[in-house]
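Student: Following this message is one structure expressed as structure tokens.
The values are calculated or read from the model by the stated rules, or taken from the named source; none is laboratory data. All values derive from a computational prediction rather than experimental measurement. Don't worry about glycine lacking a Cβ; one is built from the backbone with ideal geometry, like all the others, and counts go over all protein chains shown.
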Amino acid sequence: MITATNKHTGEVINLPSDTLEQIVEAWRIAQEYAKTAEALKDQLKRLVPKYVDDVSEPINGYMFRVSNVQRMNYDKSKLREVFDEDTLDILLKPDKTAIDRYLKENLEQIGEDSTWIRRSMIPEGKPYTVIKLERLER
């Protein structure tokens, strides 16, 4: 039996987990709880800006902070003006998604080099395990 408690509402969720079948069912239930929580938060995120510009007033020890984030990156043309080719090569990281798309779209022109490029890929970061429950039929 696995157990989790919603600390805010006190709701206790007990799910049997003695067999693989029960684990599959418990996993599916957990997935639905996660989807439900995300759906609620998504709806609430649309409401908060109606009441808050930057920071809300404290309410029961909580407050909202609204931050607009714009990720930034360096302009490659400016980097080329400042750094030599070897330094630039060290600093620039290949965009795997863009390269995968390019290889797929230009496979006829690239030919066997596409396979060679894919086989020469190098690991990045630390390996980790992902466990997903996959639906077999729809």
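Student: Out of 107, 103, 88, 133, I need the residue that is modelled with pLDDT under 90, of a type in the set (A, V, I, L, M) and in contact with a helix residue (DSSP H, G or I) (Cβ under 7 Å, 6 or more places away or on another chain). Which one?
Tutor: Working: 107 fails: modelled with pLDDT under 90; 103 fails: modelled with pLDDT under 90; 88 fails: modelled with pLDDT under 90.
Criteria check complete, one pass: 133.
Student: Residues to consider are 55, 69, 12, 82; find the one that is β-branched (Val, Ile, Thr) and under 26 Å from the mean Cα position of the chain (by Cα). Don't jump to the end; show me each part of the working.
Tutor: Working: 55 fails: under 26 Å from the mean Cα position of the chain (by Cα); 12 fails: under 26 Å from the mean Cα position of the chain (by Cα); 82 fails: under 26 Å from the mean Cα position of the chain (by Cα).
Sole residue among the options that is β-branched (Val, Ile, Thr) and under 26 Å from the mean Cα position of the chain (by Cα): 69.
Student: Limited to segment 81-138, what total is found for residues that are within 30 Å of residue 26 (Cα to Cα), free of Cβ contacts under 8 Å to residues at least 40 places away in the same chain and not β-branched (Val, Ile, Thr)? Quick ask: steps written out before the conclusion?
Tutor: Our first condition is that a residue be within 30 Å of residue 26 (Cα to Cα); within segment 81-138, this holds for 126-138.
Checking which are free of Cβ contacts under 8 Å to residues at least 40 places away in the same chain leaves us with 126-132, 134-138.
Remaining after also requiring not β-branched (Val, Ile, Thr): 126-128, 132, 134-138.
Adding up the residues that qualify gives 9.
Student: Of the conditions (1) among the polar types (S, T, N, Q); (2) in a helix (DSSP H, G or I); (3) assigned by TED's automatic domain parsing to the domain that holds residue 23, residue 68 satisfies every one except a single condition; which number is it?
Tutor: Single failed check for residue 68: (2).
Student: I would also like to ask the following. Please go through (1) within 28 Å of residue 21 (Cα to Cα); (2) out of contact with any helix residue (DSSP H, G or I) (no Cβ under 9 Å at 6 or more places or on another chain) for residue 122 and return the number of the only condition it doesn't satisfy.
Tutor: Of (1) within 28 Å of residue 21 (Cα to Cα); (2) out of contact with any helix residue (DSSP H, G or I) (no Cβ under 9 Å at 6 or more places or on another chain), only one is false for residue 122: (1).
Student: Which of the residues that make up segment 71-108 are among the aliphatic types (A, V, I, L, M) and not in a loop (DSSP other than H, G, I, E, B)? Let's see the steps before the verdict.
Tutor: Step one: list which residues in segment 71-108 are among the aliphatic types (A, V, I, L, M), which gives 72, 79, 82, 88, 90-92, 98-99, 103, 107.
Those that are among the aliphatic types (A, V, I, L, M) and not in a loop (DSSP other than H, G, I, E, B): 79, 82, 88, 90, 91, 98, 99, 103, 107.
Student: When you scan segment 79-90, do you find a residue that is of a type in the set (S, T, N, Q) and within 30 Å of residue 8 (Cβ to Cβ), even just one? Break it down stepwise before answering.
Tutor: If we filter segment 79-90 for residues that are of a type in the set (S, T, N, Q), which is where we start, we get 87.
Applying the additional criterion that residues be within 30 Å of residue 8 (Cβ to Cβ) yields none.
The answer is no, given that none of the residues of segment 79-90 is of a type in the set (S, T, N, Q) and within 30 Å of residue 8 (Cβ to Cβ).
Student: Take segment 1-52 and flag every residue that is outside any helix (DSSP H, G or I) and of a type in the set (A, V, I, L, M). It would help to see each step written out before you state the result.
Tutor: Filtering segment 1-52 down to residues outside any helix (DSSP H, G or I) leaves 1-19, 51-52.
Matches in segment 1-52: 1, 2, 4, 12, 13, 15, 52.
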